[in-house]
Amino acid sequence: MLTTTPGSVIPDHPDFLWRNPDPKSSYDVVIVGGGGHGLATAYYLASRYGITNIAVLEKGWLGGGNMARNTTIIRSNYLWDESSGIYEHSLKLWEGLEEDLGYPLLFSQRGVLNLAHSLQDVRDSKRRVNANRLNGVDAEWVDAEGVKELCPIVNISPDVRYPVLGATYQPRAGIAKHDYVAWGYARAASELGVDLIQNCEVTGLTIEHGRVVGVETSRGRINAGKVALAAAGHSSVVAALAGIKLPLQSHPLQALVSELLEPVHPTVVMSNAVHVYVSQAHKGELVMGAGVDTYNGYGQRGAFHIIERQMSAAIELFPVFARAHLLRTWGGIVDVTPDASPIVGVTDIQGLYLNCGWGTGGFKGTPGVGDTFAWTIAHDEPHPLIEAFSLDRFSTGALVDEHGAAAVAH
Amino acid sequence: MQLIPCPNCGRREEIEFHYGGQAHVPYPAEPAALGDAEWADYLFFRDNPKGPFAERWYHSGGCRRWFNAVRDTRSYRFLAVYQPDAPRPDIAQFMAAAPPVAADRASAASSATNAVTR
Ligand SMILES: Cc1cc2nc3c(=O)[nH]c(=O)nc-3n(C[C@H](O)[C@H](O)[C@H](O)COP(=O)(O)OP(=O)(O)OC[C@H]3O[C@@H](n4cnc5c(N)ncnc54)[C@H](O)[C@@H]3O)c2cc1C
Ligand SMILES: [Zn+2]
């Protein structure tokens, strides 16, 4: 016989993961944007580069932007040397991150398949595999049978509109639980003394004699030695406060999940040609996304026909999904650059640093950019791994064109 | 699905249209005189406002003609549509604190720019 009624005892509220301080009047470094990038930057500044008098200012709640909305694909199989450098640095940090933060992240290296559906896809994919290998990134080419072996539910029948001819495979790629990543960084940064300030929108950047000296916010003026921008979808809006124009277009990007299902999908499958990518979260939902809505938009939502197209692609690739029910769709605002590579580095204004343009694929970069952006802020010069991603590449012409590797997806 | 008021065909479903980005970006008058920064500006830098935006649309599944529109990038509502050779409407008039206007105003604006809404 039980002595209490099950469910009648309300458990205590769990401990808060971070402090919730009021802003001080001044900080050495103010970071604008409390998404994954802002939080990771604060954490590495405090843990690796000796700066702890930091505030992260977030207009909403921590990790409520794209960090809460992405489909969590992590990989480093991009084409160019510059990209391999930063994405592989990031993947290596992912591999030690749970230990580093002392926090479980459900990081799962279940591999990623990037499908090829045409002869041109096959050639491009093989080229990318070779480039990856030269850069020490694990990559292999697998034929259609090989795809089927790695992911038995993929339809490799030759008589569909876009038959699967093969795929690139990166075994070390995978997924992680995005919210845990945000919370893990936030908790660790807070413990190191970083002030995480929510409901604090930056409305102005104060610049005197070519140097940034503070920010205006919805919670008053805050002085700053240095200011680092990490506002993702709102980067154009925030940079404009300092008179900086960026080559960005903000687009809605949508994703969706199915109801919870038995484990059926052991890896991550992406297809640029039919515009869909799929993995199965630990809980059991199928997580799917596709390309951006084509128009500019700050609404954190997109059009339904995009979802419809994405589903028709998914069902051709995975006929078994036909009976799955859609549970939820949502959208984020992604800041897309002309060459599908990010913009990270210093600006013409002293003490003002820029991190944006990660578009549809910056979740995987969270540890890598957090570390190198923090280094850049601490040393007041671009970290070697992000040097190529400067804003002036658009006038020098040294673009890092990753449309092939980034394309629809991530 | 969002209905887009084509100035030639009237309201049609969004899937009939293609997006063309910022409107009123003329080809440089003197291309040979441009430096690297100016070329970068022409090729790669477009406005990205949060709010009313003058942009190009192509009615690919209908009259197959380009037209211009002012659309609010927060609500995605069309505030005005007009022919590509018509001057850009004064964007400031759309910035007013009042919430973005429904498609009715878009069709009113389109007839104001001599378009037919069927
Ligand atoms: C649907 C979807 C799927 C995606 N899938 C993947 C994927 O599978 N793999 C991958 O690698 N990437 C993916 N991404 C991209 C990835 O989510 C982003 O590139 C990345 O999250 C951007 O960095 P962030 O986490 O710092 O951004 P965010 O979490 O958006 O953080 C920016 C923060 O800045 C805040 N902010 C903005 N303006 C101000 C202001 N004025 N004052 C204060 N704060 C401000 C915002 O509120 C926001 O919280 C996806 C994105 C979306 C939308
Ligand atoms: Zn038309």
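All of the numbers you see were taken from the coordinates with simple rules; none came from a lab. Keep in mind the model is a prediction, meaning the values are calculated, not measured. Cβ placement follows ideal geometry from the backbone for every residue including glycine, while neighbour counts extend to all protein chains displayed.
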> Under 5 Å between amide H atoms, partner at least 5 residues away or on a different chain: which partners does A:G111 have, H built in plane at 1.01 Å?
Replying inline: A:A173, A:G174
> Where in the range A:190-205 does the amide nitrogen come within less than 13 Å of the point 7 Å from the Cα of A:W61, taken along Cα to Cβ?
Replying inline: A:198-199
>> Running a GNM on chain A with Cα contacts under 10 Å, which residue among A:T294, A:T366, A:T71 ends up with the highest mean-square fluctuation?
In response: A:T294
> What is the average number of partner chain Cβ atoms found within 10 Å of a Cβ in B:60-73?
Replying inline: 1
> Lys/Arg Cβ at +1, Asp/Glu Cβ at -1, dipole of chain A taken about the Cα centre: which of A:M311, A:G102, A:H117 is farthest positive-ward?
Replying inline: A:M311
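Highest mean first, how do A:2-12, A:81-91 rank when packing is the count of other Cβ atoms within 10 Å averaged over residues?
Descending mean neighbour count gives A:81-91, A:2-12.
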>> Using the Cα centre of the protein assembly as shown as the reference point, and only Cβ charges (+1 on K/R, -1 on D/E), how large is the resulting charge dipole? Debye, rounded to the nearest 20.
In response: 1240
> With the Cα gyration tensor of the range A:370-410 giving a ≥ b ≥ c as the square roots of its eigenvalues, does the rule (a/c under 1.5 for rounded; else a/b larger than b/c for prolate; else oblate) give rounded, prolate or oblate?
Replying inline: oblate
> At what distance in nm do the modelled label points of B:E16 and B:C63 sit from each other, each positioned 7 Å from its Cα along Cα→Cβ?
Replying inline: 1.1
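Among DSSP beta bridges whose residues both lie in chain A, state the antiparallel percentage, nearest 5.
On the way: 48 of 68 bridges.
Bridges in chain A are about 70 percent antiparallel.
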> In square nanometres, what is the average projected area of the Cα convex hull of the range A:246-332?
Replying inline: 6.2
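What does the helix-only formula give at 222 nm for the protein assembly as shown: each DSSP H stretch with n ≥ 4 adding -39500 (n - 2.57), the total divided by the residues, and the result rounded to the nearest 500 deg cm²/dmol? Can you show the working numbers first?
Numbers: 12 runs with 132 residues, N = 528.
Per the formula, -7500 deg cm²/dmol.
At a Förster distance of 51 Å, what's the computed FRET efficiency of A:Q350 paired with A:R127, Cβ-Cβ distance as r, to 0.05? Please list the in-between numbers first.
Values: r = 42 Å, r/R0 = 0.82.
Calculated transfer efficiency: 0.75.
Provide a whole-number value for the mean count of partner chain Cβ atoms within 10 Å of the Cβ atoms in peptide B:35-42.
On the way: counts 1, 5, 4, 1, 3, 9, 4, 0.
Mean inter-chain Cβ contacts per residue within 10 Å come to 3.
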> Among A:H234, A:H209, A:W183, which residue has its Cα positioned farthest towards the positive end of the charge dipole of the range A:182-303, with +1 placed on the Cβ of Lys and Arg, -1 on the Cβ of Asp and Glu, and the dipole taken about the Cα centre?
Replying inline: A:H209
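Within the set of other residues whose C-beta is less than 14 Å from the C-beta of A:I315, count the net charge using Lys and Arg as +1 and Asp and Glu as -1. If you can, show how the numbers build up before the last one.
Details: positive: A:R161, A:R309, A:R323; negative: A:E308, A:E316.
Around A:I315, the surrounding residues sum to +1.
So if we plug the beta-carbon distance of A:E149 and A:H305 into 1/(1 + (r/R0)^6) with R0 = 51 Å, what FRET efficiency do we get, rounded to 0.05? Spell out each step's value before the answer.
Details: r = 35 Å, r/R0 = 0.68.
According to the calculation, E is roughly 0.90.
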> With θ set to phi - 60° and the Karplus curve 6.51 cos²θ - 1.76 cosθ + 1.60, what are the ³J(HN,Hα) couplings of the range A:274-284 in order, to the nearest whole Hz, using x for Gly and Pro?
Replying inline: 9, 6, 7, 9, 9, 9, 10, 5, 4, 5, x
> Under the classification rounded if a/c is under 1.5, otherwise prolate if a/b is larger than b/c and oblate if not, where does the range A:1-129 fall, given a ≥ b ≥ c as square roots of the Cα gyration tensor eigenvalues?
Replying inline: oblate
>> Between A:V264 and A:Q120, what's the calculated FRET efficiency when r is the beta-carbon distance and R0 is 30 Å? Round to 0.05.
In response: 0.45
>> Report the gain in length on full extension from A:H325 to A:N53: 0.36 nm times residue separation, minus Cα-Cα distance, nm rounded to one decimal.
In response: 93.1 nm
> What is the order of A:V56, A:V137, A:V278, fewest Cβ neighbours within 10 Å to most?
Replying inline: A:V137, A:V278, A:V56
>> Run the simple label-point estimate for A:T203 and A:H379 please: 7 Å along Cα→C-beta, distance reported in nm.
In response: 3.8
>> Starting from the Kirkwood Rh over alpha-carbon pairs, what translational D in µm² s⁻¹ does the protein assembly as shown have by Stokes-Einstein at 20 °C and 1.002 mPa s?
In response: 87
>> I need the Kirkwood Rh of the range B:14-61: take the reciprocal of the average 1/r across all distinct C-alpha pairs and report it in angstrom.
In response: 12.7
> B:R12's amide H: which non-local residues (gap 5+, or another chain) put their own amide H closer than 5 Å, with H modeled 1.01 Å from N in plane and none for Pro or chain starts?
Replying inline: B:I4, B:C6
> Quick one: putting +1 on the C-beta of Lys and Arg, -1 on the C-beta of Asp and Glu, what dipole do you get for the range A:1-156 around its Cα centre, in Debye to the nearest 20?
Replying inline: 320
